[in-house]
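Structure, as structure tokens:
Computed from the coordinates by the stated procedures, all read-outs in this text should not be read as laboratory data. None of these values were measured; they are calculated from a predicted model. Positions of Cβ are backbone-derived with ideal geometry, glycine not excepted, and every protein chain shown enters the neighbour counts.
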Amino acid sequence: MLAFGDSITQGYDSLHPVNTYAMRLSAALDAELINKGIGGECFKREIAETAEIIDADLITVAYGINDYTVYTQEEFTKNCKGFISVLAQKYKNTPIYVITPIWTTLRGKKYKFGDVADVDRIISNICADFDNIKVVHGWDLVPHEEKHFGDLYLHPNDNGFEHYFKNLIKEIQAND
């Protein structure tokens, strides 16, 4: 299993690395995990271009919230489309699950991007062009309560990661 993403994929605010959604998912699927989560990262074509080819049975991609805070919708669309296009081509025979941003208290904050809900819409529209990609709408993976977040606004704590994993694996199993 290959996991691309930002600090949430990396496991930021988890007290124990085995409790992150990526680790739990790989354990449940009996898959070796290569976690490419990097704190603060965004969709970038170069990440997909420079990624080594790994014999992956499943790939997850979870970017978007950092993009929302730094890019316009036009910049985001270009970056997302570039990353997704390269990854889908490199791994055309591998199922790829693209997870849109989870709930956050950042919703409603004013950034040049606009509404955070548009991140989900844009990702969904881009991914619709690829047969090997399924979109998982992240907004409801973790309950909308601050107690599920270590920093109270964005990064799940161990309990939040449990919800994230349980809801994500249901989505993956429903698409198998």
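General observations
- The modelled label-to-label distance between residue 90 and residue 29, using points 7 Å beyond Cα along the C-beta direction, is 1.6 nm.
- Scanning the chain for GluC sites (Glu not before Pro) lying in DSSP loops with no more than 14 further Cβ atoms inside 10 Å, the longest uninterrupted stretch between such sites is 53-144.
- Once the Cα-Cα distance is subtracted from the 0.36 nm per residue extended length, the residue 57 to residue 162 segment shows a gain of 35.5 nm.
- Distant-in-sequence amide contacts of residue 136, defined by a placed amide H-H separation under 5 Å and a gap of 5 or more residues or a different chain, comprise 98, 99, 100.
- Qualifying trypsin sites (Lys or Arg not before Pro) in region 111-176, where qualification requires a DSSP coil assignment and no more than 16 other C-beta atoms within 10 Å, comprise 112.
- Nonlocal Lys pairs with alpha-carbon distance under 29 Å, region 42-121 (8 or more apart, or different chains): 17
- For the chain, the 222 nm mean residue ellipticity estimated from helices alone, with every DSSP H stretch of n ≥ 4 adding -39500 (n - 2.57) and the total spread over all residues, rounds to -11500 deg cm²/dmol.
- Phi-based couplings in Hz for region 32-46 (Karplus 6.51, -1.76, 1.60; Gly and Pro marked x): 5, 9, 10, 9, 9, x, 10, x, x, 6, 10, 4, 9, 3, 4
- Rounded to the nearest 0.05, the FRET efficiency derived from the C-beta distance between residue 174 and residue 105 at R0 = 41 Å is 0.90.
- Cα point-scatterer Debye curve for region 59-134, base-10 log of I(q)/I(0) at q = 0.25, 0.26, 0.27 Å⁻¹: -1.15, -1.22, -1.29
- Once Rg and the Kirkwood radius are both taken over the C-alpha atoms of region 2-170, their ratio Rg/Rh works out to 0.93.
- Rounded to whole numbers, the Karplus 3J(HN,Hα) couplings from phi for region 53-58 are 6, 10, 6, 8, 8, 7 Hz, using 6.51 cos²θ - 1.76 cosθ + 1.60 with θ = phi - 60°, and x at Gly and Pro.
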